[in-house]
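Scroll down for the structure; my scribbles are underneath it.
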Amino acid sequence: MHNVLFLPFLQIPSGHHHVADSIENQLKQMAVNINCEKIDILSYGYGNIESLISSVYLQWIHKLPKVYSKIYRLAAVERPKLNKRFRTYEVLFIDMFRNLLQEKKPDVIICTHALPSYMVARLKKLQLWTGIIINVYTDYFINNLWGIEEIDYHFVPSMKMKDQLVGQGVNAKRIFITGIPVHPIFSMKNQIVKKDPIFSALISGGNMGAGSIVQLLNRLKPGGQILYKVLCGKNGKLLRRIKNLNNPLIQPIPYISSKEEMNRLYDVTDMIITKPGGVTISECLIKKLPIFVYDVLPGQEEQNLIFLKDKGLVHHLDEWTIHENIEEKLLTVLRYKKRETICRIHHYLMEIDLEDPGSFIIDIFEKG
């Protein structure tokens, strides 16, 4: 039996967890002799304090976004360097990681967050652990915290990130462009005949709060040419507020747990209006949907947006708070720029040289 340990960070249902779950799902479908386990080191080492830290983190993002953005940019984006040390993290976590690895005895560690990657790489550098480490990057840039030198394989979303790692001295043969891995079902196309006589837009990103989505809906002023379906996730407040709008052109959709249902929803949608979270964007790119970004969380999403706009993969609704007719901009893209948008998405997807990370990991075991 081979042991694979997935290391996201925090219990917040973020892209780090979704990517880990997607690869774990692939492995379980392909092999019966692989044991997969996913552990958040904060919960493992500090117990209930994880929920407090998660709460403080979310409050910081929403109440002091400019402060968070500046600190994140200085700490995580600017001045990347080799042989970096983050001694505070080492003091807080290195013994926990050492104990975890001694307890679980993984053959392969898959890091979907930068902090576990740094800590496990540090243990490997100190020769306190000798197994295989894979970085799976869940955003469209490389946070400075990621371990680099001691990592065996890097699964990156783009050629730009591969080139950056090569520039830092990583052997190109150890870097694979995978996109941001998502559940395999999103590569399937449902044979569905679209029933809506008008365009359909899927609005996503309301799970963290109702504020910006409600403001957006108030600005849309649907004119009958687009049906808006709003993914409310587990946000009951947002679901109720949209129902209270009593607008037949704005439909709230409660939490969807089924990947099959989410895939079907993508296939009957003409566009998505969302925030630039790595996993959601990756799913929409695979479905070749025109993507409109209406809101950006500070930190990772700001960096994602820079890459996505540079590649022409998204349309930024950066002035929706002051424009009266947002729907007209959506219709202009769908009517006159959709083919150009899809071509750019297709060009990006052509960079991917490893579509099946699960098979690659199984090959590692078979080669011994």
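The values are calculated or read from the model by the stated rules, or taken from the named source; none is laboratory data. Small disclaimer: the values here were computed from a predicted structure and weren't measured. Cβ sites come from the backbone with ideal geometry, for glycine too, and all protein chains shown count toward neighbours. These accessible areas exclude ligands, DNA and RNA; they are computed on the full protein's heavy atoms, side chains included. Shrake-Rupley method; radii C 1.70, N 1.55, O 1.52, S 1.80 Å.
General observations
- Mean Kyte hydropathy of 0.0 or more with a Cα span along the axis of at least 20 Å, helices from DSSP in the chain: 49-63
- For HIS17, the shell of other residues with beta-carbons less than 12 Å away shows a net charge of -2, using +1 for Lys and Arg and -1 for Asp and Glu.
- Of all accessible heavy-atom area on the chain, the percent that carbon and sulfur account for (1.4 Å): 52
- Using the Cβ-Cβ distance between MET1 and ILE256 with R0 set to 35 Å, the FRET efficiency from 1/(1 + (r/R0)^6) comes to roughly 0.55.
- Rounded to 5, percent antiparallel among DSSP beta bridges of the chain: 0
- Amide H contacts of ILE177 (H built 1.01 Å from N, under 5 Å, at least 5 apart or other chain): VAL156, ASP353, LEU354
- Mean accessible surface per residue for the chain, computed with a 1.4 Å probe while every protein chain stays in place, in Å²: 48
- For GLY223, net neighbour charge (Lys/Arg +1, Asp/Glu -1) across residues whose Cβ lies under 10 Å away: -1
- Local electrostatic count at ASN304 - Lys and Arg +1, Asp and Glu -1, tallied over other residues with Cβ under 12 Å: -1
- Sparsely packed loop sites in the range 311-368 (the GluC sites (Glu not before Pro) outside DSSP H, G, I, E and B with at most 10 other Cβ atoms within 10 Å) comprise GLU319, GLU324.
- Beta bridges by DSSP in the range 64-176, antiparallel share as percent, to the nearest 5: 0
- Gain on full extension, evaluated as 0.36 nm per residue between ASN244 and LYS70 minus their Cα-Cα distance, stands at 58.9 nm.
- Under 22 Å of direct C-alpha separation, and excluding same-chain neighbours fewer than eight residues apart, LYS234 reaches these lysines: LYS63, LYS243, LYS259, LYS275.
- Net length gained if the chain between ASP363 and ARG339 were fully extended (0.36 nm per residue, minus Cα distance): 4.8 nm
- A cut-off of 5 Å between modelled amide H atoms, ignoring neighbours fewer than 5 places along the same chain, links ASP139 with no other residue.
- All lysines inside 21 Å of LYS160 as judged from Cα atoms, apart from same-chain residues fewer than 8 positions distant: LYS81, LYS173, LYS288, LYS309, LYS311
- Cut-off of 10 Å, at most 10 other beta carbons, DSSP loop: longest stretch of the chain lacking such trypsin sites (Lys or Arg not before Pro): 196-366
- Built amide H within the under 5 Å cut-off of ILE132, gap 5+: ILE109
- Think of each Lys and Arg Cβ as +1 and each Asp and Glu Cβ as -1; about the Cα centre, that makes the dipole of the range 163-300 roughly 280 debye.
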